[in-house]
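**Q** Sending over a structure as structure tokens; questions will come in a sec.
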Amino acid sequence: MAQVEATTERVVAADAEKVFDALADYTGTRAKLLPEQFSEYEVREGGDGEGTLVHWKLQATSKRVRDCLLEVSEPTDGELVEKDRNSTMVTTWRVTPAGEGKSRVVVTSTWNGATGIGGFFERTFAPKGLGRIYDLVLDKLATEVEK
């Protein structure tokens, strides 16, 4: 199995602390950031960063739906890690200062891809598709924190 990786980033016109707090707010802000590809959103434990357990379904394509149950940790300042209990997918959000009143948000998802021809197509197309989905999340994040 080859590891598949999708990375998206954006500079947001808001302080890193404000941006991080919005991303870590699973009971409030996070639900507002999710585009139509996410459904059945539910916070099952916690709700603010470390120790949160959150569920959603992610419809990456018309035929591919992932049932995600994510454990959230904060291994370092400015970093949220979402590990899916139902797969090998790990999504890491990193928020760092990017100048006066700005921050850089980088979201990276990795998972063990399929083998064979299916794996080739997954490695080729899945990162672009997931990148488009996370671009939508980052658009909504920017709108939310730049108010």
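**Q** Under 8 Å for C-alpha pairs, at least 6 residues apart: give me the relative contact order for region 24-102, rounded to a whole percent.
**A** Relative contact order, region 24-102: 19 percent.
**Q** Under 5 Å between amide H atoms, partner at least 5 residues away or on a different chain: which partners does Ala98 have, H built in plane at 1.01 Å?
**A** Hits under the 5 Å cutoff: Ser103, Arg104.
**Q** Could you go through region 77-86 in sequence order and give the Karplus-derived ³J(HN,Hα) for each residue, using 6.51 cos²θ - 1.76 cosθ + 1.60 with θ = phi - 60°, rounded to whole Hz, and x for Gly and Pro?
**A** 4, x, 10, 10, 10, 10, 9, 7, 5, 9
**Q** How long is the gain from Ser87 to Lys102 if the chain were fully straight, where each residue apart is worth 0.36 nm and the alpha carbon distance is subtracted? Intermediate values should be presented prior to the final figure.
**A** Numbers: separation 15, 0.36 × 15 = 5.40 nm, distance 3.39 nm.
Extra length available between Ser87 and Lys102 comes to 2.0 nm.
**Q** With +1 on each Lys and Arg Cβ and -1 on each Asp and Glu Cβ, how big is the dipole of region 36-115 about its Cα centre, in debye rounded to the nearest 20?
**A** Value, rounded to 20: 480 debye.
**Q** Could I ask something else about it? Taking a virtual spin label 7 Å from the Cα of Leu136 along the C-beta vector, which residues in region 48-82 bring their backbone nitrogen under 14 Å of it?
**A** Under 14 Å, as judged by backbone N against the label point of Leu136, lie 57-66 of region 48-82.
**Q** Another question, then. What are the ³J(HN,Hα) couplings of region 131-141, residue after residue, when phi is run through the Karplus curve with 6.51, -1.76, 1.60 and θ = phi - 60°? Round to Hz, x for glycine and proline.
**A** Along region 131-141, the couplings run x, 5, 5, 6, 4, 5, 4, 5, 4, 5, 4 Hz.
**Q** Right, next: Mind checking the dipole of the chain: about its Cα centre, +1 per Lys or Arg Cβ, -1 per Asp or Glu Cβ, Debye to the nearest 20?
**A** 720 debye
**Q** Next up: Considering only protein heavy atoms, with the full assembly of protein chains and a 1.4 angstrom probe, order Asp139, Asp84, Asp25, Asp15 by accessible area, largest first.
**A** From most exposed to least exposed: Asp15, Asp139, Asp25, Asp84.
**Q** Related question: Under the Karplus relation 6.51 cos²θ - 1.76 cosθ + 1.60, θ = phi - 60°, what is the ordered set of whole-Hz ³J(HN,Hα) values for region 13-28, x standing for Gly and Pro?
**A** Going residue by residue, I get 7, 7, 4, 4, 4, 5, 5, 4, 4, 5, 5, 7, 8, 6, 7, x Hz, with x marking Gly and Pro.
**Q** Pulled fully out, how much extra length does the chain show between Thr29 and Asn112, if you take 0.36 nm times their separation in residues and subtract their Cα-Cα distance? Working shown, then result.
**A** Numbers: separation 83, 0.36 × 83 = 29.88 nm, distance 2.95 nm.
Extending this stretch completely gives an extra 26.9 nm.
**Q** Within the chain, how many lysine pairs that are 8 or more places apart, or on different chains, have C-alpha atoms less than 17 Å apart?
**A** Lysine pairs satisfying the spacing and distance rule in the chain number 11.
**Q** If you don't mind, another one. Take the alpha carbon atoms of the chain, find their radius of gyration, then divide it by 2.2 N^0.38 Å using N residues; give the quotient. Could you put the intermediate results ahead of the total?
**A** Details: Rg = 14.9 Å, N = 147, 2.2 N^0.38 = 14.7 Å.
The value comes to 1.02.
The values are calculated or read from the model by the stated rules, or taken from the named source; none is laboratory data. The structure displayed is predicted, hence computed values, not measured ones. Cβ coordinates were reconstructed from backbone atoms using ideal geometry, including for glycine residues, and neighbour counts include every protein chain displayed. Accessible surface is based on the protein model in full, side chains and every heavy atom, while ligands, DNA and RNA are left aside. Shrake-Rupley method; radii C 1.70, N 1.55, O 1.52, S 1.80 Å.
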